[in-house]
Structure formats: structure tokens, C-alpha cells
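The structure appears below as C-alpha cells.
The values are calculated or read from the model by the stated rules, or taken from the named source; none is laboratory data. Because the structure is a prediction, the values reported are computed rather than measured. Using ideal geometry, Cβ is built from the backbone for each residue, glycine included, and neighbour counts are taken over all protein chains shown.
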Amino acid sequence: MSSYAIRAENLSKRFWLNAERHTSLKARVVRGKLPRGHEFWALRDASFEIERGSTFGLVGQNGSGKSTTLKVLAGIYRPTSGSVVVDGRVSALLELGSGFHGDLTGRENIRLNGAILGLTGKQVDAAMDKILDFAGIGEFIDLPVKIYSSGMFVRLAFAIAVSLDPEILMVDEVIAVGDEEFQRKCFDHLFDLRKRGTTIVLVTHSLGLIRDMCDQAMWLEHGQIRKLGPAMEVADSYLADINEREVQAHQVSGGEESAANESKRLGSGEVRITSLEFLDGEGKPNPVLPGRYGRARDRRR
Amino acid sequence: MPCGVGLTYGRMSIAARPRSSIWAYRFLIQNFAQRDLKSRFKGTLLGWAWSLMVPLATLTTYSLVFSVFFHSTAPNFGNGRTGFFAVWLLVGLIPWNFFLITILISMPTLLANGTLLQKVYFPSYVPVLGAALAILVQTLIECCILAVVLLVFGNIGPTWLLFPVWLALFVVFVTALALSLAIVNIHVRDLAQMVNVALTLLFFLTPIIYQISLVPTVWHGIPFQELVRLSPITDFVTSLRQLAYDLQEPDLTAWLQLLAWTAGAVALAYFVYQRYGLDIGESV
């Protein structure tokens, strides 16, 4: 077993953009050859390696190629060029309950979803109690899922996901739908998997999640790798870039020099914090306090 | 948060997609079939009974119109008894219905499973095979009813033992054709409409409600009987009638013909799948 769970070399994915994607036969006959539209590279020449047992974050703006990357890694898309090696039992969690069929009962959907997830009938039966327990939706389990509340739907979907024990987990950020308690349950589960040595590939817009969870991160821009490295560094550069853009945007629109600063101001302005200092034990300014207690002093007017 | 549908597949080292056979997906195919069967009659009062009511109604209608109104007759049973039109018709209708319903249900099935195909990887043939399997279950029930009817008429013989061979060839033939059409339908949406028209035409160009001897050999210079004989469905229907109704063994040429049609359909399905079926996730 190599030390890498995933290795991608010069990975590229091209899409043909066409206003009329599914051209009818009539159009084909009338116009002769089918117009192919113009090409769009959702991912271009991306090479990266993901170490076994590590957590890998994908950041970038909307349309930068994060989800495309994930779908290529999950096998849903075939790369246009380049190669990808995925070594391990993969589980891709891309959307909540997308395999549910409204007319089937919760229990029947568990079996169907288990099959979609690659489990055998025996494995689903073995995990059934665990799933029912985690979902905690009681007698509703034997009713069609179309009458479920969205919360129950989500609970059941997640309970099925929990019963998996993948070696590589790919997670596309799904906006939290459940209540606070449920969200925590999800996060706890992710942290738990990470502790157990599962390789996790995470697409997220939350830089907090990148910093908290990820070891390595990749910042994509227009389908190309902008930065690849330790999660903290990538998150910082990404944030710096976003801030810089915001400043530029304000300068263009507002023209004021202090626009950037003004835009970050919070509150009513009755009291202003003009500076903030970190002090060490002796009360001397010290910006870095590795593992020691200190005080913070702010000046207001 | 991250949850819901995902995919787990076997260890691999070549690419992101597992190189598994159809066999590896049997459990998923079976589950798609179960989903189809369970959801089809859900909420209806008669439930499963509908799957038998519909063919029964068709059988009654055709028998009434062709046997009573048009005075069509059926050939004698293989055991020498006078033929019974409804029974003779049933032997032809069962394979036709399997063919018709499998094609009609399979064609939109990839579109119906589009969201799923965009979220998880599984081969695009899985939902089509699932749909075909669900219809096969109903067809097998119809076959059992047919067997009972033939028993009542005392029309049994050793040729019945060939039925599984015939069925295997027919199921593979129909499923392969349905898969090809379902995949092409993703790229050319007109296909579903065209196939609808073609199926109606094909039904009347296949000797199901009439005996092939009724078809004029040449009509205005068109060799109609030869044309009707060219259709693979004619071959399959005729050979089933031979072994189940006439209690005659189809000759070697007939078997080879069935085998050739089946092999051709499989080759077509393989080509279409390799050429157009691998990127369904981004095409639906």
C-alpha cells in the first residue's frame, strides 16, 4: 500500500458549453452538423497527492472547479486528460438523500440506498439497527419518505451515511439543513472518522473548517491550482486574496482611501477601538505568547 | 452538512472508477428492480393485481375483436386438439408485452435517475437492467399462467424444456436493445417519440394477432411476408409458439437466427455503451 490515497497527474476536465445542450433531431437536420458550442476547462493540469489518513481541503470561489475535481475523484466524471489513481474503498457524499424514492418507506429506502452505497443485503441488514437508532425517527420508518419533514429526511440520510466505514471519504459541502444538534452530530462524525484514519477530501467555503480539520489544502481558481500546501497557509492566502479583492472593489466603486477600513467597521461608532496590544506576564507588549497566559489591552475613545 | 447518498466501491489502483463486471452490481440492479416493482402500483387499490389485469384486458380485447368479429382462427394445439384463439394469442402477446414494456420503461429511466447519476458513480446500465428485471418478474408470472392454461388443455410436451433457453436469449436480446435505446435517448431526445411510433407499426408487422400465412407474399411488388419474417420479434414469437403451442422443436437454423439477433443486440449495446454510455453523469 502506497502512502498516498489519491494521486492526480495533470488532471484536466473539459466541458462543451452549448446554449441548446440537447439539440433535437430537427435542428440537426436543418443546420447540418451539430454545433459543439465552445469549450470550457473546468479543471486544467491539476497535479496533487493526498496522503493516506490525511484530510484534504478544496477551496475556491464558485465555479473554480472544486466540485468538478471531487466528481472526477469520485469517478462520476471521466477526466479529459491526465490520470488519477484512487487507492482505497471510496465513499462519496455529494448530496442529501438524492437516492431516496418518495413512495418507498424509510426502511425500503435504507435498503435501496445501502445498495447504491455499494453494500450487500446482509451488510445493510447488519447495519439496520444502528441506522434506525441514529436516525431516531421512530414509527415513521415504515411510512413513505415523501411525508417526512425535511429534518427527518436529513436524519435518515445521514444515518445511512454513518453506517459506512469508508477508507476515503469525499464530501461536497452540503449547506446545513438540520438543526444545531444535528449539525454537531455531523461534525462529530467527521472528526471521529478523521481520528480513525479515514482519508477525507472536503470541498468547503468555510475557512474555519479548513483550518480546524484539514492537513493540506488546494486553492482552485478558474480550474487551475492557485496554491497547494499546508491548510493554514492556503487558508491565509485565500483569505488575503479575498480581502484584497474587496478593497479593490471598494476603491473602484467608492474611491475613498479608507473605504476598506470603513467597510470592516462594526457597531454604531460611539466607542472606537483604535489599537489592540497583547501583553506578556510583566505587562510588556508581546505579540506572540506561545503557551503562556497574557493580557490584551485595547485603547478606546 | 455532509450526508446522504454516496458510493462505496472496491479497492482499485488504476483510476477513479472501479473496473467491475455487471455481476458486481447485481445487488444494486436487484434493488432498482425492487424499487420499480414497489413504486409502480403503490397507492392503487388493486396493487399487484394490476400487473395481470392489463395484459388480461389486452388479451380479452384482441380475442373479442379478432376471434369473434373478424373470425380469425388459431392453428390446432400440438396435441391435436382444435386450436383456441385466446390461448394462441396469449403465447404471442407475452413476449411482445415484455419487449414493448421493457423498451418503453427503459428509455426514460436514465433521465429519471439523472440526479442520482450526477451524484454517485454507478454504470449507466444499472438502472436499465433494474427496470428490465422488474418487468421480467411480471412476464414470468404471465408465463406461469400460460403454463397452467396449456396444462388445462393438456398441451404439454418435452419441447417445454427448451423454454429456458429461448427465454435467456430473448431477455438478453430485449435488454441489450433497451439499453442501447436508453443511452442514445440521452443524446437525441427525439428517439423516444420515434420509437413510440415504430413500436405500434412493429406490433402489426409481427404475426402476433394473425398467422403469418395471412400476409400476402407479394403485394404491389412489395414482398410483405418476407419483410415480416425479417423482424427479430417475428423470429422470437414464432419460435416460442413452436415450442409451447405447437410442441415442435424449432430447427437449428431458427436457433442460430435467435442467437445471431441476440449477439447483434449485445454487440450494439456494447458499442453504444462504450461510445456514449460512460459520461451519462454529465449528459443528463
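A few notes on this one:
- Candidates B:181, B:161, B:136: the one that is more than 18 Å from residue B:269 (Cβ to Cβ), among the aliphatic types (A, V, I, L, M) and in a helix (DSSP H, G or I) is B:161.
- Which listed residue is under 23 Å from residue B:121 (Cβ atoms) and loosely packed, with under 14 Cβ neighbours inside 10 Å, from A:121, A:197: A:121
- Filtering B:142, B:226 for residues that are part of a helix (DSSP H, G or I), of a type in the set (Asp, Glu) and within 15 Å of the chain's Cα centre (by Cα) leaves a single hit, B:142.
- Answer from B:54, B:68, B:87, B:91 - the residue that is part of a helix (DSSP H, G or I) and in contact with a Lys or Arg (Cβ under 6 Å, 6 or more places away or on another chain): B:91
- Residue in the range B:201-211 that is closer than 24 Å to residue B:108 by Cβ, touching a residue at least 24 places away in the same chain (Cβ under 8 Å) and among the aromatic types (Phe, Trp, Tyr) present: yes
- In the range A:124-150, the residues that are in a helix (DSSP H, G or I), in contact with a helix residue (DSSP H, G or I) (Cβ under 7 Å, 6 or more places away or on another chain) and without any contact (Cβ under 8 Å) to a residue 40 or more places away in the chain: A:124, A:128, A:131, A:132, A:134, A:135, A:140, A:141, A:142
- Condition check for residue A:183: surrounded by fewer than 18 Cβ atoms within 10 Å (Cβ to Cβ) and polar (S, T, N, Q): yes
- Taking the conditions (1) within 20 Å of residue B:119 (Cα to Cα); (2) at the interface with chain B (Cβ under 9 Å from one of its Cβ atoms) in turn, residue A:110 satisfies each one other than (2).
- Test: residue in the range B:45-59 that is within 14 Å of chain A (Cβ to nearest Cβ), closer than 21 Å to residue B:112 by Cβ and at pLDDT below 85: no
- Count - residues of the range B:59-108 that are surrounded by fewer than 18 Cβ atoms within 10 Å (Cβ to Cβ) and of a type in the set (Val, Ile, Thr): 6
- Restricting attention to the range B:107-128, the residues that are away from chain A (no Cβ under 13 Å), among the aliphatic types (A, V, I, L, M) and either over 24 Å from residue B:190 (Cβ atoms) or not in a helix (DSSP H, G or I) (or both) total 1.
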